[in-house]
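To start, the structure under review is shown below, and the notes come after it.
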There are 2 protein chains.
Amino acid sequence: MYVPGPFASPEKQASKNLHNFFNYIAVKIVSAQLESYNPEAYKDLREFLDTHSLNDGDEFCASLMRQSSRHKSLALRILEVRSAYCKHDFEWDNLKRLTCKMVDDSNTKLMREYVLETSDVKEKETGK
Amino acid sequence: MYVPGPFASPEKQASKNLHNFFNYIAVKIVSAQLESYNPEAYKDLREFLDTHSLNDGDEFCASLMRQSSRHKSLALRILEVRSAYCKHDFEWDNLKRLTCKMVDDSNTKLMREYVLETSDVKEKETGK
């Protein structure tokens, strides 16, 4: 199907979103790891998160790197984890399966709700 | 790697975003198709888009279905296209390749920029 527009391909657009998403996941993973064995670094990361948005993953890491040398180590760990997670942990086949299922289930749900709603109106109108 | 949290799995979270993204792509595809062979329906869709957000794809389609019978046909076409696009057109392997490359390229870029920046500061400090 022809996807119009001067923008990047759909695959490229989606990969940009996933890139930021993997950064968010890496922050969660590192945060959970630190919580159990390095409370000081955990506190640093949580405090940094209170004042910095995760919307742009690269911007987040660039700022984290420049905060202090302790924060720099955290940033390097996040870069490492997001790369490893993306390549080895994330279940890409499962993503495809779940998304196709979600699209089809939503289509069915939307049509069923519409049919039920209009049948209801018709029944009231005809008194059946 | 252990991903903490009471939320859905990363794959499930990502599939929700992709579901809305495929709805957005389907609207673009249908809009481009209509532009060339059905200017009236094209106008209906463009006007509807001016007043309705695409952030929630299902909400968009549910509203479109209920606007008028002409709009209902448009909504059904969008549901059909988003399902077909997701299953047959979207290049899932390419998505994985592009995302992993983007993560690694960004990691290299972030580290290179940091190294360059700090080398610069050190050079100025030492006068070399």
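The values are calculated or read from the model by the stated rules, or taken from the named source; none is laboratory data. Every value quoted in this text rests on a predicted model; they were computed, and no experiment measured them. Here Cβ is always computed from backbone atoms with ideal geometry, including for glycine, and neighbour counts include all displayed protein chains. Just the protein is used for accessible areas: all its heavy atoms, side chains included, with ligands, DNA and RNA removed. Shrake-Rupley method; radii C 1.70, N 1.55, O 1.52, S 1.80 Å.
Miscellaneous remarks
- Taking residues in region B:8-24 that are in a helix (DSSP H, G or I), and partners anywhere that are modelled with pLDDT under 95, the pairs with Cβ atoms closer than 7 Å and at least 6 places apart or on different chains are B:Pro10/B:Val3; B:Gln13/B:Phe7.
- Test set (1) closer than 23 Å to B:Gln67 by Cβ; (2) surrounded by 16 or more Cβ atoms within 10 Å (Cβ to Cβ); (3) not charged (D, E, K, R) - A:Ser63 fails condition number: (1)
- The condition of being more than 24 Å from A:Thr99 (Cα to Cα) and modelled with pLDDT of 95 or more does not hold for B:Leu79.
- Test: residue in region B:88-111 that is touching a residue at least 24 places away in the same chain (Cβ under 8 Å) and facing another protein chain (nearest Cβ under 7 Å): yes
- Of everything listed in (1) touching an Asp or Glu at 6+ places or on another chain (Cβ under 9 Å); (2) farther than 16 Å from B:Ser106 by Cα, the single unmet condition for A:Ala62 is (2).
- The set of residues in region A:46-85 being under 18 Å from B:Tyr114 (Cβ atoms) and away from chain B (no Cβ under 11 Å) consists of A:Phe48, A:His52, A:Gln67, A:Ser68, A:Arg70, A:His71, A:Ser73, A:Leu74, A:Arg77.
- Selection from region A:71-128 of residues that are among the polar types (S, T, N, Q) and open to solvent by 40 Å² or more (accessible area, probe 1.4 Å): A:Ser73, A:Thr108, A:Thr118, A:Ser119, A:Thr126
- Reported count of residues in region A:31-47, each being more than 17 Å from A:Ser69 (Cα to Cα) and touching a Leu at 6+ places or on another chain (Cβ under 8 Å), is 1.
- Complete set of residues in region A:5-53 that are aromatic (Phe, Trp, Tyr) and open to solvent by less than 50 Å² (accessible area, probe 1.4 Å): A:Phe21, A:Phe22, A:Phe48
- Looking across B:Leu49, B:Leu98, B:Leu110, one residue alone is within 30 Å of B:Glu11 (Cα to Cα), under 16 Å from the mean Cα position of the chain (by Cα) and either modelled with pLDDT of 95 or more or outside the structural domain of B:Leu34 (by TED's automatic domain parsing) (or both). It is B:Leu98.
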